[in-house]
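Input: a single structure, listed below in structure tokens.
Rule-based calculations on the coordinates, nothing more; no lab input. Remember, predicted model here, so these are calculated numbers, not experimental data. Neighbour counts are summed over all protein chains in view; Cβ atoms, including those assigned to glycine, are modelled from backbone coordinates with ideal geometry.
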């Protein structure tokens with residue numbers, strides 16, 4: 001029972017509980033806060049997996065930028081509490097939950113059936129090396145330079161798009 | 001650090017560089033000329049033509065660009081004839097869409113955001129060009145998102161109409177969910193094979209023995225994302241609402257270009273990753289992951305049937321054309337599920353013809369909606385008598401969409417059916433034929449309203465200026481010409497189906 | 001990781017993916033639906049990083065970098081669309097946004 005397993009259990013539990021809480025709370029701002037908690041738990045899990053750069057970027061970009069944007073918009077729109085989610089279309093929603101449970105059961109079965117960790121030996125030393133920022137940076141600028149530039153244009157298109165849709169007339 | 005590998009690869013991506021430069025140029029020009037923006041459509045047109053010239057240069061070149069450092073045999077971008085053909089289809093439809101936007105009242109009303117409109121169209125063009133020739137899952141995902149994001153915004157561009165913003169929201173939610181599922185499938189595929197390059201995945205799938213259930217699950221999830229792009233059942237639910245709510249030039253663009261890019265991706269994905277060898281007759285031999293044929297047959301027949309039967313009771317012409325384009329996606333998948341080079345040739349021929357007939361139909365609907373302000377079928381009563389040129393051209397486009405001789409639509413369907421019969425799939429061919437008969441009803445119903453109903457007081461003669469007549473004639477000529485003299489198209493398609501590596 | 005097997009990470013990410021899909025299907029507020037889509041993307045990220053760590057391959061983490069970029073761009077555009085709708089109709093309930101018939 002070393003520290004690693006305790007950390008994994010705690011972080012996984014936080015991730016699970018916060019994700020379920022997120023979809024069941026009626027007030028949207030509380031859902032957003034639970035999602036932020038989920039992202040922090042995921043960041044801890046990335047650290048356990050030796051992905052240092054991704055863990056830090058997760059907190060900075062996801063929890064720090066994207067969720068703050070969501071919270072701004074939620075405050076701006078002044079949304080009220082939703083009704084209890086099972087009030088309308090009860091049968092349809094039970095059906096949707098049943099489908100999701102089915103999907104999860106199937107994926108869980110697949111994972112245990114194929115036992116991937118037998119086929120792959122855990123490459124600890126390499127995984128520590130590959131999570132460092134130098135390695136990711138090298139890959140980004142040599143092998144993946146074209147996706148990198150494409151991501152730049154994606155951000156440009158998103159900026160233009162957001163501006164077109166939400167800005168009122170300038171003059 | 002030696003960067004020669006990047007500069008060598010730039011030669012292969014000249015069209016994409018031209019498209020990117022056009023985006024930046026358009027945004028800058030929009031800033032400089034912020035009072036008088038009449039120059040912007042011309043700059044956009046020039047950008048598309050220059051990109052088109054680079055695409056034509058790419059015919060008969062093949063090779064990899066942006067080779068990976070640890071496996072220099074394969075790269076990110078695969079340039080080949082197949083890709084160049086689909087890129088040419090994108091360029092031609094883009095030229096037409098710029099022409100449509102110039103004649104569209106909806107677009108001419110937005111005077112302050114014109115530069116952004118054309119910049120986003122170029123964003124779509126860039127996304128499609130990269131999507132067509134990408135051979136790495138990361139690049140496929142990124143370019144698909146670039147295409148999708150620009151489309152979400154363009155679909156909601158005329159935001160003063162309620163339906164436009166809601167179409168955009170619906171498009172966004174469906175699209176984001178589908179690409180989220182596709183991403184999960186890609187992550188599982190990466191975990192199984194250790195790489196994201198399609199060629200390396202293919203080699204890994206053939207040599208290692210992997211768990212087929214997991215592989216099947218990940219492929220189905222990836223098909224969720226691709227199926228959303230080509231609007232095949234069961235991922236087609238966004239299509240009618242988005243096509244109805246978006247400005248009509250964007251609807252026309254989405255129905256042709258976005259679908260072409262999605263199909264190019266689907267064909268490249270299947271052929272590169274799962275085809276082990278091609279025999280002398282051109283039949284493909286696929287990895288036995290699951291029963292490909294049954295799955296694709298079910299999806300294709302479902303798409304065709306849903307599209308055709310739901311179009312039967314549509315009163316709004318844009319919505320009817322949306323359902324008809326869903327049905328055409330079903331017909332196109334028929335060319336894929338025979339798994340042979342002949343089917344691929346049929347798909348290429350059909351796309352060339354579908355480009356002209358679908359764009360033509362949408363243009364005429366747009367011209368009529370400009371004047372009457374409505375797309376309802378009852379407002380087409382007696383149009384054939386008042387504006388006979390429009391009525392006759394719409395009739396020709398609709399007859400071609402049905403697939404009757406002597407229009408080119410018949411040739412497209414003929415080659416698809418020949419490929420089906422050669423692969424001994426007679427039941428599928430019969431069902432597809434029945435679907436074509438069903439589609440006859442709703443296409444001919446428009447003709448009945450136009451020519452067999454007497455005009456009411458509301459229908460007016462629709463004035464056309466010279467440019468609009470020229471655009472319609474340019475689209476009519478291939479439909480009529482290729483209906484009788486179709487060997488150039490067939491020979492062109494036959495020589496351009498080579499995908500890199502085969 | 002010598003002590004935590006890969007399956008546990010994969011089960012966790014599959015659970016989060018299912019929760020995300022459920023959320024998209026049952027919630028009525030457009031912004032919350034969008035947040036559930038972000039949860040789905042995060043579950044795919046967790047799968048990618050877990051596989052990357054176990055294979056010793058940096059490709060997965062490079063992919064996660066790009067997915068985060070895409071998620072940020074999509075969030076910006078999505079929220080802009082929602083704001084545009086809100087200005088027209090003062091509601092973001094997707095049940096009310098249904099003027100399209102079958």
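If the viscosity is 1.306 mPa s and the temperature 10 °C, what Stokes-Einstein diffusion coefficient in µm²/s follows for segment B:291-502 when Rh is the Kirkwood radius over Cα pairs?
Using the Kirkwood radius from Cα pairs, D works out to 89 µm²/s.
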Exercise. Give the angle, between 0 and 90 degrees and rounded to the nearest 10, that separates the Cα long axis of helix C:30-55 from the longest principal axis of the Cα atoms of chain C.
Key: 10 degrees
Quiz prompt | Shape of segment A:24-68, Cα gyration tensor, a/c cut at 1.5 | solution = oblate
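Computed FRET efficiency, Cβ-Cβ of residue B:59 and residue B:7, R0 22 Å: what is it to the nearest 0.05?
In this case the efficiency is close to 0.45.
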Quiz item: Per Stokes-Einstein, at 20 °C and 1.002 mPa s, what whole-number D in µm² s⁻¹ belongs to chain B, with the Kirkwood radius over Cα pairs as the hydrodynamic radius?
Solution: 93 µm²/s
Quiz item: Once the Cα atoms of helix B:39-57 and of chain B are each reduced to a long axis, what angle between those two axes, in degrees from 0 to 90 to the nearest 10, is obtained?
Solution: 40 degrees
Quiz item: In whole angstrom, and with the biggest value first, how far do the Cα coordinates of segment B:210-256 range along each principal axis?
Solution: 47, 16, 10
Quiz item: When the helices in chain C are scored as -39500 (n - 2.57) per DSSP H run of 4 or longer and the sum is shared across all residues, what 222 nm value do you end up with, to the nearest 500 deg cm²/dmol?
Solution: -27000 deg cm²/dmol
Quiz item: How many percent of the alpha carbon pairs in the protein assembly as shown exceed a separation of 51 Å?
Solution: 11 percent
Exercise. Sort B:189, B:129 so that the residue with the fewest other Cβ atoms within 10 Å of its own Cβ comes first and the one with the most comes last.
Key: B:189, B:129
Quiz item: Over what distance in Å are the Cα centres of segment B:318-337 and segment B:13-86 separated?
Solution: 28 Å
Quiz item: With springs only between Cα atoms under 10 Å, which of C:52, C:13, C:43 fluctuates most in a Gaussian network model of chain C?
Solution: C:52
Quiz item: Between segment B:430-500 and segment C:1-71, how many Å separate their Cα centres?
Solution: 46 Å
Quiz item: What is the mean number of Cβ atoms from other protein chains located within 10 Å of the Cβ atom of each residue in peptide B:71-84, rounded to a whole number?
Solution: 1
Exercise. Please label the shape of segment A:1-80 as rounded, prolate or oblate, based on the square roots a ≥ b ≥ c of the eigenvalues of the alpha-carbon gyration tensor (a/c under 1.5 means rounded; beyond that, a/b larger than b/c means prolate, else oblate).
Key: oblate
Practice problem: Can you put A:68, B:13 in order of Cβ neighbours within 10 angstrom, beginning with the fewest? | Solution: A:68, B:13
Quiz item: Can you sort B:439, B:454, A:43 by how many other beta carbons sit within 10 Å, fewest first?
Solution: B:454, A:43, B:439
Exercise. Would you compute, from DSSP H runs of 4+ residues alone, the mean residue ellipticity of chain B at 222 nm, taking -39500 (n - 2.57) per run and dividing by the full residue count, rounded to the nearest 500?
Key: -24000 deg cm²/dmol
Practice problem: With a 10 Å radius around each residue's Cβ, average the other Cβ atoms per peptide and rank B:343-355, B:141-153, B:259-271, highest first. | Solution: B:141-153, B:343-355, B:259-271
Practice problem: Using only Cα atoms, find the angle between the long axis of helix B:292-311 and the longest principal axis of chain B, and express it within 0 to 90 degrees, rounded to the nearest 10. | Solution: 10 degrees
Quiz item: Is there a simple number for the mean count of other chain Cβ atoms within 10 Å of the Cβ of residues in A:58-66, and what is it?
Solution: 4
Self-check item: Shape category assigned to segment C:28-93 from the gyration tensor of Cα positions, a/c cut at 1.5
Solution: oblate
Quiz prompt | Per-residue mean of C-beta atoms belonging to partner chains within 10 Å, peptide A:19-32 | solution = 5
